[in-house]
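Data first, discussion second: the structure below is written as C-alpha cells.
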Amino acid sequence: MDQGSGAGPHRARGCLGAPSCGARAPGAPWARFSAWLECVCVVTFDLELGQALELVYPSDFQLTDKEKSGICYLSFPDSHSGCLGDTQFCFRIRQCGGQRRPWHTDDRHCDSGAPVSLQREPAHYFGYVYFRQVKDSSVKRGYFQKSLVLVSRLPFVRLFQALLSLVAPEYFDKLAPCLEAVCNEIDQWPAPVPGQTLNLPVMGVVLQVHIPSSADKPESGPPKQCSHKNLLPAPVVLTSVHELDLFSCLQPLKFCCDYRPYFTVHDSEFKEFTTRTQAPPSVVLGVTNPFFIKTLQHWPHVLRIGEPKMPGDLPKQIKLKKPSRLKTLDTKPGLYTAYTTYLHRDKALLRRLLKGLQRKRPSDVQTAVLRQHLLELTQSFIIPLEHYMASLMPLQKSITPWKTPPQIHPFRQDDFLRSLERSGPQLTCLLKGDWLGLYRRFFKSPHFDGWYRQRHKEMAQKLEALHLEAICEANLEIWMQDKSEVEVVDLVLKLRERLVRAQGHQLPVKEATLKRARLYIETVVGSLPKDLQVVLCPP
C-alpha cells in the first residue's frame, strides 16, 4: 500500500449524476477525458450504509454494482482508520461484466508505442485515492471521512497522485463545482502518446510530463527534467508519470500475474485468493489488516513493513491468536520466503547502499543505484532470451511475395539452455549462482508465457509487414498475367485486410508501403470486370 499525504475532474457538457453505453468517438464529448480517466468517484461514510458511493463523474459512465462495491471498500484504509489527516494510496480491481467501452483507434496507437508494463489494462481498473479523515463536531459520527478516487486504465501512479494532491484539498472545500472545472480541463488535454512531452494545465498549474515510450533508453541515474518551453506559469515538472516504485526496472519483462496494491476482506476475490484447498494463487497482495497475518501465513512469501499493531476495534468475529503462538506475527520487518535463491547476494551493492545511508545520501540517489542494479540484472537475464528468440525468425530472403510467409520456428527450451554456455548472462553480469535453475523456474511461470506471447506476436507482425513490403516491391502486372479472377479478388481482400491492420497501428509498416499497397488495390480492381468492381468498391 502506497501511503502519503494530497486531483479530481469537471464536466461542462452535462450534469452530475446517467448511464452510458458504447464508445466515445474521438470528436465526442469526453473523448479526450477518457484517454486519461474512466471516471472520478467520491466515496463517503454513511452511518447506516458504511462506505457509500456519493458521486460518479462524468455522469454517463457506468459501473456495475460489484465494481461500485469494490471501489467503496477499497477507497477507505482498512486497519489504520484511526489515523487523522490525509492519506494517498492506489488499488487495482477487475472489471466486471465485460468491456463496455470499446477502445478508439487512438487508444491502440498509444498502446502500440508504450512499454508493455505501461499499456492500458483491458480487464482491470486502477483506483487512485485521496482519503481525508478529520474531526468534525457537526457530523454525528464525529469525523469527516471522504475519499476522492480517480479511476483509470493507465498505471500512471505518480501523475495521478500529483493530480490528486492538487485537486483533492480544493475539492473538500468547494465540492462539486471544483470537480466539474477540473474535468473540463482534463477534457482539453492532449492524448498520452508515448514518446511525447506534454504540458497538462489544471487549476492554474501546468504539470509537465514525459509519456514513456518503448523506444526510450533506460536511465542510469535519477530521471532528467524536461525543458519548460517558456510557459507561464512555470510548469511543475514530474520526472516520471509512474515511478513511485521499482516496477520500471523490470520493463524488459512484464509482470504477468495479478497484483493488488491494496486489498481488503471485502474484495470480491477475497475467497478466491485466501482459500486453503489449493496452492496459493499467483498474485501479489498489499494489505494492512493484521487479520491477513493469520489468513495468509501459509503463503510462500511475506514482506513485512513496520511493526505490527493490534487495534482494539477489530471486528469481533475475527479472532487472532496471541503473538507468541502465531508464527509470523512476532517477526521483525523483512522478507520471509520459503524459496531458496538462485543467485548469490550482491555484497558490493549492499555495501554501497549501506554507505549511502551512513553518509545520508539523498533517497532519490539511493533509489537510482538500486534501480540501475535491478535493471542491469534483468537485462542480463533477458538478453540471452531475446537473442535466442531472434534466431527463430525466418530469414528475410525466404519471404517471397506470392507465397504464404514462412512460420516462426518453435521455442525449444533445451536448445536455449544449451546456448547459454556461449551466450549466457555471464557475459554481462558478474553475479554467480544457478542461472540454469533460474531459467527453468522462469519457464514454468506465467511471466515466461506472457513474455513469449508478446514477443511471438511482435515477430508475427514483423513477418507480415515484411511480406506486405515484398508484395508491394514485386511486379504486379507480370503476376496477374496468368491468374484467375478468384486469385485476383483474393489478393485484393488480403491487401485490404492488412491495410486496415496497418492503419490501426497493428503492423510496423512504412507509410510509403501503405501508399504502394493502396495503388496496387486500385490497379487490381481496375483490371476486373465491372460487376466485380461494383462488388469490391460499392458506390
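The values are calculated or read from the model by the stated rules, or taken from the named source; none is laboratory data. Since the model is a prediction, treat every value here as computed from it, not as a measurement. All Cβ positions, even for glycine, are placed from backbone atoms using ideal geometry, and neighbour counts span all protein chains on display. Keep in mind that these areas ignore ligands, DNA and RNA; they rest on the heavy atoms of the full protein, side chains included. Shrake-Rupley method; radii C 1.70, N 1.55, O 1.52, S 1.80 Å.
Provide the per residue accessible area, probe 1.4 Å, for the range 126-224, rounded to a whole number of square angstrom.
Heavy-atom SASA per residue in the range 126-224 reads 40 Å².
Going down the list K66/K254; K494/K530; K494/K515, which pairs span over 26 Å between their C-alpha atoms?
From K66/K254; K494/K530; K494/K515, over 26 Å: K66/K254.
Considering the convex hull of the alpha carbon atoms of the range 385-451, report its projected area averaged over all viewing directions, in nm², one decimal.
Average projection, Cα convex hull of the range 385-451: 5.9 nm².
Give, as a single signed number, the net charge of other residues whose beta carbon lies under 10 Å from the beta carbon of A465, with Lys and Arg counted +1 and Asp and Glu -1. Walk me through the numbers before you get to the answer.
Working: positive: K462, R498, R501, K510; negative: E464, E469.
So the surrounding residues net to +2.
Starting with the highest mean, order 412-419, 284-291, 70-77 by the number of other Cβ atoms within 10 Å, averaged over the residues of each peptide.
Averaged packing, sorted descending, gives the order 70-77, 284-291, 412-419.
Show which aspartates and glutamates lie in cross-link reach of K403 when reach means a straight Cα distance below 15 angstrom and same-chain residues fewer than eight apart are skipped.
Cross-link targets: E464, E469, E473, E487, D490.
Pop the C-beta distance of K254 and Q196 into the FRET formula with R0 = 22 Å and round what comes out to the nearest 0.05.
Here the calculated transfer efficiency is 0.50.
At what distance in nm do the modelled label points of T239 and S213 sit from each other, each positioned 7 Å from its Cα along Cα→Cβ?
About 2.2 nm separates the two model spin labels.
How about the range 115-216: which chymotrypsin sites (Phe, Trp or Tyr not before Pro) there lie in a loop by DSSP and see at most 13 other Cβ atoms within 10 Å?
Nothing satisfies the criteria.
Put +1 on the Cβ of every Lys and Arg and -1 on every Asp and Glu Cβ in the range 431-539; which of A517, G433, A465 then has its Cα farthest towards the positive end of the dipole?
With unit charges placed on the Cβ atoms, the residue in question is G433.
Check which residues have an amide H placed less than 5 Å from Y259's amide H, if you skip close sequence neighbours.
V284
Give me D for the range 429-539 in µm² s⁻¹, whole number, from Stokes-Einstein with Rh from the Kirkwood sum over alpha-carbon pairs, 4 °C and 1.567 mPa s.
Details: Rh = 17.1 Å.
Translational D for this selection: 76 µm²/s.
FRET efficiency for H344 and R501, Cβ-Cβ distance as r, R0 = 51 Å, nearest 0.05?
Details: r = 47 Å, r/R0 = 0.92.
Computed FRET efficiency for H344 and R501 comes out at 0.60.
Mind running the shape call on the range 352-429? Use the C-alpha gyration tensor, a ≥ b ≥ c as the square roots of the eigenvalues: rounded below 1.5 for a/c, prolate if a/b tops b/c, oblate otherwise.
Judged from the Cα gyration tensor, the range 352-429 comes out prolate (a/c at least 1.5, a/b above b/c).
Could you work out how much longer the chain between V265 and A460 gets when fully extended? Use 0.36 nm per residue separation minus the Cα distance between them, nm to one decimal.
65.9 nm
Multiply the residue separation of T428 and S282 by 0.36 nm, subtract the distance between their alpha-carbon atoms, and state the gained length in nm to one decimal.
In short, 49.5 nm is gained.
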